[in-house]
Amino acid sequence: MRIRATAAALSGALAIAALAVPAAQATDAPGTGAAKAQLFASAAQTPTNAAADDAQGDTTITNVTVNGGRDIVVGTSLKKTFTVSVTATDPTGIYDGYAFLWHGTDLNTETGVDGAMTPSTDHGTCTAVNATTSTCSVTLVADPQTNIYGNILAGRWHVYASAVGNDGDYSIKDNYRSGWVKRAAKLTTNASPEPVAKGATLTVTGALTRANWDTQKYGAYGVGSVQLQFRKAGTSTYTNVKTVTSDSHGNLKTTVTAASDGYWRYVWAGTSTTSVATSTSDYVDVQ
């Protein structure tokens, strides 16, 4: 049901995604006050017709940045708002740029898309770099209550991007680059006993969990390799002590020899579907 709802939302979003550009007869007075013509009418019909790569003239997309180059990390309840920026160039300057994210195998088939994140507006906000180049940004929202509806959406998403010049030339890329949408991970650390005698055994436990978008709750990650790190009191740098493997329930447990006062923490490097995570450090007084 939620997949069908997402597909319907994508269809509606694409209906407004068709960029409006200055009409050919208005090239003497380009800009928001000029007469407009639809960039590609097929985008207003169905997702299957929306995004085959296309171009006219010498408008060129030179870069697309998703969330400032960072992963889009989504938990179980809070919305994640981020921007996608399209940089493009045209000898006459850039009139508009647009982007959205889609998940699936083929934007040109009805069954090839199972997820989408689209802007609520039909135009980007453009800032001129110079007379020929602009960067246009749109705002997207990843919402675990709506468009991030299940774990199948974790990982690589495709970035649709388009740009149009002041003269009506345009460039459309249905898969310009990838963005990574990941399940949020959490780590805990507890070192005991506290305080501990110098040279005695210190036990460091913890747990690795991650957001489950199917249940909208955090659950055990399962088996994963986590780094145990230590920072000596009075210093600012953590060092790796050992690699610890969680059990099937995400639980972590290892022992070390207590040598000096300092802070212990677990660090998880993440995967293609799950975010990085660093636990809050636990200070241990060694006596």
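Note on region 64-182: semi-axes of the ellipsoid equivalent to its C-alpha gyration tensor, largest first and rounded to whole Å, are 27, 15, 11. Accessible surface for region 197-287, divided over its residues, is 51 Å² per residue with a 1.4 Å probe. Could you sort out which of Lys232/Lys253; Lys186/Lys232; Lys182/Lys253; Lys79/Lys217; Lys186/Lys217; Lys217/Lys253 sit more than 18 Å apart by Cα distance in this structure? Those over the limit are Lys232/Lys253; Lys186/Lys232; Lys182/Lys253; Lys217/Lys253. If you model region 120-159 as an ellipsoid using its alpha carbon gyration tensor, with each semi-axis the square root of five times an eigenvalue, the axes come out at 31, 12, 6 Å, biggest first. Ordering of 66-76, 229-239 by packing is 66-76, 229-239, highest average first (other Cβ atoms within 10 Å, averaged per residue).
In this structure Asp285 has an accessible area near 60 Å², from a 1.4 Å probe over the protein heavy atoms. Taking one quarter of the surface of the convex hull spanned by the alpha-carbon atoms of region 210-287 gives a direction-averaged projected area of 6.0 nm². A compact globular protein would have a Cα radius of gyration near 2.2 N^0.38 Å; the ratio found for region 143-287 is 1.45.
Apolar share of the accessible surface for region 140-267: 46 percent from carbon plus sulfur atoms, 1.4 Å probe. When restricted to Cα atoms, region 125-213 yields an Rg and a Dmax of 23.7, 76 Å, respectively.
The values are calculated or read from the model by the stated rules, or taken from the named source; none is laboratory data. Remember, it's a predicted structure, so these values are computed and weren't measured experimentally. Every residue, glycine among them, receives a Cβ derived from its backbone with ideal geometry; neighbour counts consider all protein chains shown. When the accessible area is computed, the model is the full protein with side chains, heavy atoms only, and any ligands, DNA or RNA have been set aside. Shrake-Rupley method; radii C 1.70, N 1.55, O 1.52, S 1.80 Å.
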